[in-house]
Structures are given as C-alpha cells and as structure tokens.
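Throughout, read-outs are computed from the coordinates displayed, never taken from laboratory work. Quick caveat: nothing in here was measured; it's all calculated off a predicted structure. For neighbour counting, all protein chains shown are included, and Cβ atoms are generated from backbone atoms with ideal geometry for every residue, glycine included.
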Amino acid sequence: MYGSASTHDIPASAATGLENEDPILLAEFEARIARGEKIEPRDWMPALYRKQLIRMIEQHAHSEIIGSLPEGTWITRAPGFRRKMAQMAKVQDEVGHAQLLYSAAETLGKTREQMLSDLINGKSKYSNVFNYPALTWADSNVISWLIDAGAIVNQMANAKGSYGPYCRALERICAEESFHLKYGHDAVVHLATGTPTQRRMIQEALNRWWPPIMTFFGPSDKMSVHTEILMRWKVKMASNDHCRQQFLDMYVPKIWELGLTVPDAKLRKNEDGVWEFTEPDWEDFKRVINGDGPCNAERLAVRRAAEENGAWVRRALLSPKAKYVKPLA
Amino acid sequence: MNTEALKDLLYRLADDQLILGHRNSEWNGLGPILEEDIAFSSMAQDKLGHSLQLYTLLHQLGEAEPDTVAFTRNAPQFHCTQLVELPIGEYDFSLIRHFLFDHAEILRFEALSHSHYEPLAQVARKLKGELKYHILHANTWIKQLGSSTEEAIERLQNSLNYTLPYALGLFEKTAAEDEIIAAGIFVGEDEIKTRWQENITKILRQTALELPDAATLTPVYGGRTGEHTEHLQPLLDEMAEVFRVDPTAEW
C-alpha cells in the first residue's frame, strides 16, 4: 500500500548535479526512456535518477511494513475463521511486498539493512496514512478497501515507469492489491448492510479515515515542487491531483452505493467531470509527516523493537560457523 | 465406536492448531527478518485452516458451528496443551516451540492418515502434506542457528530447556486413550512420543544443542482436561473481541 507522500519530489532549489554527468550518456539515457525502454540495474544512469529511485522504492517498501501494522493488530481479533484467515493472508502479502521492494531498491546499491536503519532513525519516510490508528475492525476494513484502492491507482501508474526492477515488482504487487481491494470491499459491504451496530461502526471508521485518504496522494499540484525532470525520466508517472481525481471517480460512487456518507459537504462531481472537495489541511499533513501524528512514535517503536529483538538472529546468520542449510534438502 | 472419545481426540487436535495458529500470527511485523514474518504467517494460516477442518468434523458429529466453537468457548472448555498458549516471547522460544510441536504434529497426522475413522483419515492425509513444510522450516532454522554464534546457541538451549516440559505435555493421555486405540482411530500417545524423541534427537545432534533427558522432567499436563495457564483466557478474549459485539451478525 502506498501513496505519493510528496517527498519524492526534488526541491526546486536543490542542485541536480546534472552538469557533472556525461552529456552523451545522459542524452542516450533520456532517448531510451523516451522510446519506452526500461532501465536495468547495470545500465548507466544519472546519479540523480539513482538517488530518486532509491528514495522512492525505499519509501514504498517502508510503507508496506509499517502499513502492515494497523491491520496486523486486527489479525488476532478478526471475527470468525473466514476473516481471520483472510486478514492474515492480506497482511502477509504486504510484508511480502516490502521484501520484494527492498530487493528492487538493493539493485540500485543500498542494502536492506541500511534502509531499515534509516527508517528507524527517521531519516526516511513512509506513507503518512499509517500514522493514523485503526481503532476498530471497521477501520481495518476501510484501510483494506480504500487505502489499497488508492495504492492501486498510484502503483498502476508507476508500473509504467522506466526502472525495470521496480516496474516488475509493481506489476506483481498490483495483482495482489486488487485482491485486497476485493477483500476489503467484501468486508465493508458486510458491515454496511449488516446490523445497526455494524453500520454505525463502518460509517464512523469512514469518517475517521476520509481526511487521511484525501491526503494519500500527496499535496495538490499547485503546491507541489518542481517534478518536471522526474516526469521526463518516468520516475513519477502521474500527478498527485490526477491520482486523487481518478480515485474519487472510481470509489465515491461505490461508497454512496452502500448507503454510506462521505464526511465532506463540498464533495461533488462538476459537469466537467472534475471532483470538487474541501481542500485537505496540508499544514496538518506536514505536521504529521514530520513526526507529530497520532501513531508515528508507536509505529517506529514497534519496528525498532523488532529490529533490536531480532538482531541476534541476523548476527547468527552472518556467523562464519553457521552451517548453510539447504531448506529443501 | 464411542463418539465422545472421538470428539475428545478431535478437540485436542483442533484446539492445539487453533491456538498455536493464533500465536504464530502474532509475529506479524515483529520477525527478526521479513522472511520470518512471512513464514510464521504462512504456518499460522495453515494451522488455522487445519483447525477449521477438524472443527468441521466435530460439527458433523453434532457439535456447534466452527465459528461458535472457536470464538465463544472459555478457557476451561479448551483441550489444547499448555505449550501452545504460552505467549510468543522472543524468537528463540517461538522457534523451539514450533520445532517441538510440529515434529509431534506430523507424526500424529501421519498416524491418523491410517485412522479407521475415514473422515479424519482423509483430513489427516491432506494436513500431513502441509506439515512437511513446517518441519522443513523448523529443521532448517534449528540446524542453522543451533550451530552458529554462542549467543544464538545459548538462547536456543535455554528455550529448549524451558519448553521441553511443556512439549512433553503434548502426549498427555485422556480418559479416551484406550478406547480410541482399541477402535483403531489413533495409535496412541506413547507411540507418537517415542518416535518424536527419535526424530528431534536426530536433528539436534546436528547442532550444538543438547536435548535434556526427558525422563528427569515432569511433563506439564492439565491442558487436555481444561487446566490452562493464565495466558489462555486473555488470548480468547482478544480473539472474540469483535465476534462478541454481535455473534449473530455476519462479519
């Protein structure tokens, strides 16, 4: 699960370093991308391209493992066998996505250990929505449906990007996310058409999650920093506003169909097909992304504890005395 | 055939799988490496699926629906061994528990695949195929970590010493024991225990770990007759938290 958190964008003031790149190689690189070719790990690439991709894939990977936490807390409480097994499988997929993405990022030269250590010490970010709590089972269902839906909108676009390993990972991830979306939708339908208590639970969860969902694709393009070069290099494939509009177009009607309301009085589709909505509180978004959200500290503390408690296992695996054991021997 | 004796056996099998599946699922987000989060989740899903198949057999014998049986009973009504209810602790404990439990479980289901109670034999034939992979997973890690750093060996040895009495509790006999053996439903706990000791000894010999002498230990019994640790009821309360909001609702 992942959205654009805006942090991939290059600050307009930042030095691009492009003046230090070999102009002939750079021109060839750009021509390949323009022709729709994929860039592979051993191909020449500008340092800025490498850096941006590492940042982007790494953040995506972090979002998957941190994103497994809010729903993960509902595995042990999922009501009934069917939901319990599906919730486990769904969350397991997210961790699998992280594994896949760390591998894709490693092809660019940063190790998984370095990435995890940057996550824990706050140097690299993850999708901001996971800094909000999943207070009830219904919240977990809203995440499974709508956050995964948002992730698909974003990732389907990025799967058409220029970096081969990331695109291939995204194709696999999107296939699984589509299944999560069906699972989430099914669970939401059960609540929305269930008992009065269930209907209240799901409406309240949707009310809680709507503001974070609206920020999921990152700040409005009007506020977004310069991304022209990332678009040209096919690192960033669709603008934040474009993704948000696409999401609203696909899912608001489905939400209304279930008899649920969206907590935004201004939300409506104009005659020109563009959705109008209350502008999210971007100052609050920034505050949360910079560490001051309801769950930032808790999420990182869980990850830190996992890393610390498991350190002896990783040391043991690296020990020269450890026998290599073929798993299927 | 005495149906009560058969039900007693099925409850023991199903409750062990359900509770350990639940515990294994708690490793989500906490594994020492991502691959172990994923592996423990796979095993948890298998175990939950196994328990569902066994509760389905019980339902066919007149017990309540699997969801009702799993999500509404209280601790004294559970027949699981105390081994499976213990909290996940650190990875060394969870790994040792997995190793000791699944080695017993695969023998149990191999034996049950020849059970004279055909519905159970059918389920057992399917389950033992999955348990094979649980064993491969446990053996791989025990062999690898059990011959690595002093730190890892010490941790695993301490966990093995702590866990073994609980693991011996897996072979606690109930009043139904003679009857299910006589009816050809199950070979009985003694036989499984003997072969289990041989199998785990074989693996542990390939490591720096030492298996304590089981003869000197007191097995932790009681689970099969509803005596449980203080950890089971909170686990069950958590498991049923949402289900109990409205047990008649469709979730």
Rg/Rh ratio calculated on Cα atoms of region B:1-104 (Kirkwood radius): 1.01
Rg over Rh [alpha-carbon atoms, Kirkwood Rh] for region B:132-248: 1.06
Mean Cα-pair separation over length for chain B, i.e. relative contact order, pairs under 8 Å, 6 or more apart, %: 26 percent
Cβ-derived FRET efficiency at R0 41 Å, A:Leu318 paired with A:Lys222, nearest 0.05: 0.25
Estimated dipole of region B:3-245 in Debye, rounded to 20 [Cβ of Lys and Arg +1, of Asp and Glu -1, Cα centre]: 560 debye
Protection proxy ranking, peptides A:297-306, B:158-167, B:197-206, A:54-63, average beta carbon neighbours within 10 Å, highest first: A:54-63, B:158-167, A:297-306, B:197-206
Dimensions (Å) - the protein assembly as shown, Cα atoms, principal axes, largest first: 81, 60, 39
FRET efficiency, A:Ala27 to A:Glu171 (Cβ-Cβ, R0 22 Å, nearest 0.05): 0.15
Those residues of region A:162-192 whose amide nitrogen sits under 15 Å from the label point placed on A:His242, 7 Å along Cα→Cβ: A:162
Where labels lie 7 Å past Cα in the beta-carbon direction, separation of B:Ala215 and A:Ala34 in nm: 8.4 nm
Mean separation of Cα contacts under 8 Å, 6 or more apart, over the residue count of chain A: relative contact order %: 23 percent
Radius of gyration, Dmax [region A:58-125; alpha carbons; angstrom]: 13.8, 44
Signed unit charges on C-beta, dipole axis of region A:11-146, positive-most listed residue A:Met56, A:Val91, A:Met45: A:Val91
Cα→Cβ-extended label distance, 7 Å offset, between B:Asn161 and B:Ala175, nm: 3.9 nm
Label-to-label distance, nm, for residues given as A:Thr111 and B:Arg73 (7 Å Cα→Cβ offset): 4.9 nm
Debye log10 I(q)/I(0) at q = 0.14 Å⁻¹ for region B:3-245, Cα point scatterers: -0.90
Phi to ³J(HN,Hα) by Karplus 6.51 cos²θ - 1.76 cosθ + 1.60 over region A:312-318, Hz, x for Gly, Pro: 5, 5, 5, 4, 5, 5, 8
At R0 = 30 Å, FRET efficiency that the Cβ-Cβ distance of B:Ala208 and B:Ala64 yields, to 0.05: 0.05
Kirkwood Rh and Cα Rg combined as Rg over Rh, evaluated for region A:22-298: 0.98
Listed residue (A:Thr278, A:Leu300, A:Pro253) projecting farthest to the positive dipole end of region A:220-329, Cβ model: A:Leu300
Given charges at Cβ of Lys, Arg, Asp, Glu: region A:163-322 dipole, positive-most of A:Thr215, A:Ile173, A:Val188: A:Ile173
Selected from B:Leu236, B:Leu83, B:Leu211 as most flexible by GNM, with chain B as the system and alpha-carbon contacts under 10 Å: B:Leu211
Where only alpha carbons of region A:111-233 are counted, the Rg and the Dmax (Å): 17.1, 52
